Structure formats: structure tokens, C-alpha cells
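Single-structure report; data block below.
The values are calculated or read from the model by the stated rules, or taken from the named source; none is laboratory data. What you see is a predicted model; the values in this text were computed from it and never measured. Cβ placement follows ideal geometry from the backbone for every residue including glycine, while neighbour counts extend to all protein chains displayed.
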Amino acid sequence: MRTVLFVDDEPSIRNAIERMYLERDDVRCLFAASGQEGLDILAKEDVWVVVSDYLMPGMRGIEFLSKVRGVRPDTVRIMMTAYADLTIAIDAINKSEAYRFVTKPWNNKELMDTVDEALMRYQLIQSLATEDETVYFTLAQTVELKDPYTKGHCDRVAQYAVALAKAAGLSDEIVTDIKHGSWLHDCGKIGVPEGVLNFPGRLSEEDLETVQQHPRWGSDVARQARMSETVINIILYHHERVDGKGYPSGLVNGNIPIEARIVAIADVFDALYSDRPYRKAYDFDRVIEIMGEMTESHFDLQLMELFRPIAEGVRDNG
Ligand SMILES: [Fe+2]
């Protein structure tokens, strides 16, 4: 059960939060009046997310969260703090005692959204840590549900990327990781609101930035779930371009790990060769032409040469 523990020494605040969650039967809320009480609860309950007050008598919020980190490293930690203490709270986040912070007095929707995102993050980490292929695949399908026009996209990208990785002579172990990484490459989209993801027109600067967070968000989670470097690289770098104009890091040419260069080609090929919300699929010759024009700026030239016969195979098999 999705469980959140709120720790605050003030009863009025605990009551207000309890009332706020009355109608949410998908979340179980636990409350503690001090850090010590919070730790006692954590010792016996399966807590997904902790929201802690910053200034409390006895154990302070930062000390509490760092203890939480020690006993339950996967539990997602959120700090609540008065605006005046913000700089200290940010310091705590930088020391990574907390994943996010919420300022007091809080806005109900903002607090709930932050907690919901933290719950999602926890669930995602648990799924990725299973080392179970079927769980990865199910997860990829869940991401596709958020963005229905991409149905089947992850699986096709995996097929193309695996074929390309084999053609490039990579080892079986790496090829398997590339399959998993391809399925999961957009898992960070779980952290992007649906309204932004499915927005039909041109995105505002701010929304575009949110969408462009998905490689970082996803790779953070994959790292925390202790997935292989190959999988993490695919999630983090699949939007890089060889000319350095990609995101999030602006890496150039060979600095982009080969697994990410492979998936970038497979990802774009499938995007062009299938229907999208705003247009029909391009025909095969047009896809090859567009990708040819993009090669210098976006793709690894040698990998593109290896990909050509694979793409033709896709066309011929309908
Ligand atoms: Fe992506």
C-alpha cells in the first residue's frame, strides 16, 4: 500500500494534513510528532515516502532524514520548511538528505503533487530493482499508456536497437542491457504530467524544460535501483546529438556512449516510421532521406551505415 509518513511536532499541522488526505483512499497516511517517533514507525511499517518538518524540538528534520536514509535508503524523503529557512533546506537537498522540499504554509495541491510524484518514484525504483525482465516490459507499457500514440514504440525501438547492437559486434550481455534500456529509455516520462506530455500544440518554454527533464529523472531512478551502466546511459543520453546540441549534457560524437547512440537511431527511425498524434507515418524512402539529412548533426555515421540494411529488413517484413 502506498504509505506516507508525516513528521511534525505541531498537532494542528498533522490534523490539517490528515483532513487533506481524507478523500484519498489510495494513500495510507501515518503521523509522528517527533523524529524518534518517526523512526519507531519506520522500523515496523513499510513506508514509501517521508515528509518531515525542518524545525522540531529534539531531533531536527535534517538529522531525522539522514537517519531515515541510513535505515531505509529507498524511502523518498521530503522536507517541509518555513520560507525563512529555505536556504538551509536547499543545503539539505544538496547534501541529498531530501529529494524535494515544500514550503510552509503549504499549498494543498502542491504538497499532494509532490508526494504523488515521490510515491511514483518509489514504485519505479522498486520495479527496476527486481531484475525481472517482465517487470521492465510492463513498466514500459505503463509509460506508453501515458502517451497513447507511442503504443508499441518501446518494443520496436528495442528490436531495432538489438539488431544494430549485434551488427556493431557488441557482446551478448551488452545486447541484453540494450534491450532493457530501450524498453525503459523513456521511463522518466512517468515524472512528466500527462497534460504536458499529450499537449497537441507547441509547448511553452517551461513545459519543454519539464519534458526535457525525463532523461535525468529516469536515469536517477535507474541508478538508485542499481541498474547496469549500459541501461543508465541509454536512459540518460538517448536525446544527445553528435554535434553536441542534444540534451541533457550536450555530449559530442564518441563521448556519447555507444549504447545511447544506437538507441537514438532506433528511437528516431521508429518515430518517423509510425503514426504520431500530429501526422501520419512517413513512407520508407522519406524516412531514410530525413535520417540521412540528420546524420551529420544527430547520428553516428558508422552506426547509420550498419542500420541501413536493418531498416530495409523492417520495411520488407511489413
Ligand atoms: Fe525520450
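Which one is nearest to Ile190 (Cα to Cα) among residues in region 93-112 that are out of contact with any strand residue (DSSP E or B) (no Cβ under 8 Å at 6 or more places or on another chain), at pLDDT 90 or above and in a helix (DSSP H, G or I)?
Within region 93-112, the match that is nearest to Ile190 (Cα to Cα) is Met112.
Kindly indicate whether any position in region 15-33 is part of a helix (DSSP H, G or I), more than 17 Å from Pro105 (Cβ to Cβ) and either among the small types (Gly, Ala, Ser) or not assigned by TED's automatic domain parsing to the domain that holds Arg226 (or both).
The answer is no, given that none of the residues of region 15-33 is part of a helix (DSSP H, G or I), more than 17 Å from Pro105 (Cβ to Cβ) and either among the small types (Gly, Ala, Ser) or not assigned by TED's automatic domain parsing to the domain that holds Arg226 (or both).
Could you tell me whether any residue of region 228-240 is more than 16 Å from the ligand (Cβ to nearest atom), out of contact with any Asp or Glu (no Cβ under 8 Å at 6 or more places or on another chain) and under 24 Å from Asp147 (Cα atoms)?
no
Determine which single condition Val192 fails, assuming it passes every other condition in (1) within 11 Å of the ligand (Cβ to nearest atom); (2) closer than 22 Å to Ile262 by Cβ.
Unmet for Val192, out of (1) within 11 Å of the ligand (Cβ to nearest atom); (2) closer than 22 Å to Ile262 by Cβ: (2).
Name the residue that is farthest from Ala140 (Cα to Cα), counting only residues in region 243-298 that are under 23 Å from the mean Cα position of the chain (by Cα) and small (Gly, Ala, Ser).
Looking at the filtered set, the residue picked out is Gly244.
Out of region 152-177, which residues are closer than 13 Å to Ala271 by Cβ and of a type in the set (D, E, K, R)?
Hit for region 152-177 is Arg156, nothing else.
Of the numbered conditions (1) at pLDDT 95 or above; (2) closer than 19 Å to Glu110 by Cβ, Ile90 satisfies every one except a single condition; which is it?
(1)
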